[in-house]
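The structure appears right after this line, and notes come after that.
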Amino acid sequence: MLRVAVCVSGGGTNLQAIIDGVKQGTIANVEIVRVISNNRNAYALKRAAQAGIDAVCVSPRDYENRELFNEAFLGAVDEAAPDLIVLAGFLVVIPSALIAKYENRIINIHPSLIPSFCGTGYYGLKVHEAALRRGVKVTGATVHFVDEGTDTGPIIMQKSVAVRQDDTPEVLQRRVMEEAEWIILPKSIALIADGKVSVEDGHVMIAE
Ligand code: GAR
């Protein structure tokens, strides 16, 4: 069993896709051992509770400074003893101690085709606003390992999504979720649980 901890900040539709995948068996040999949110009001926490998953909130607001928050966050992760950490709409900068400790064991979903519309300041709806502003005809989502940079780690999986002329950021966001995110994030976790994913020279190799 691959022990998975999922970090969330908001609605948790990607978390739901993972919960459903585990329940339906499309993600085999995976146990979601903990959901961690930085936001007490995240609907994702309700989704975790509904699924009977241990859910905790570690909010920066409850700590005097960033270092203390980072320590508490790292503690909440370590306590769950995960084999894999999934950032599923987690909008907090990951402490570098965590990245070092869990090298190639943290994955993130980003709502664009990296390297477009990614890096500092590109998260959530802002990504889709930028894509529409630029007028791209194709966008999508990316699952990647997390390294020290922002959205710079080795890419595991990508899926493209067509942009329509009358799209609003909200409409495009929903389509990218439905047609890409909710598919490639569960799939990436399943591949990792199957032991099929490795990183060689900074590139992801997927065994057939
Ligand atoms: C998703 O679109 C995810 O790709 C994005 O936040 C949303 C969370 O939705 N993540 C980022 O922008 C990370 N840079 P959800 O809470 O419904 O899964």
Of the residues in the stretch 130-157, those that are within 12 Å of the ligand (Cβ to nearest atom) and either of a type in the set (D, E) or part of a strand (DSSP E or B) (or both) come to T139, G140, A141, T142, V143, H144, D151
Exactly one of I109, I99 is among the hydrophobic types (A, V, I, L, M, F, W, C), within 16 Å of the ligand (Cβ to nearest atom) and touching a residue at least 60 places away in the same chain (Cβ under 8 Å), and that one is I109
Within the stretch 158-202, the count of residues that are assigned to a loop (DSSP other than H, G, I, E, B), over 15 Å from V138 (Cα atoms) and either touching a Ser or Thr at 6+ places or on another chain (Cβ under 9 Å) or free of Cβ contacts under 8 Å to residues at least 40 places away in the same chain (or both) comes to 3
Exactly one of F73, F69 is crowded, with 17+ Cβ neighbours inside 10 Å, out of contact with any strand residue (DSSP E or B) (no Cβ under 8 Å at 6 or more places or on another chain) and hydrophobic (A, V, I, L, M, F, W, C), and that residue is F69
The correct count of residues that are in contact (Cβ under 8 Å) with a residue 60 or more places away in the chain, more than 10 Å from the ligand (Cβ to nearest atom) and more than 17 Å from I184 (Cβ to Cβ) in the stretch 1-27 is 4
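Values in this text are rule-based calculations from the coordinates and carry no lab data. Since this is a predicted model, take the numbers as computed values, not measurements. Cβ coordinates were reconstructed from backbone atoms using ideal geometry, including for glycine residues, and neighbour counts include every protein chain displayed.
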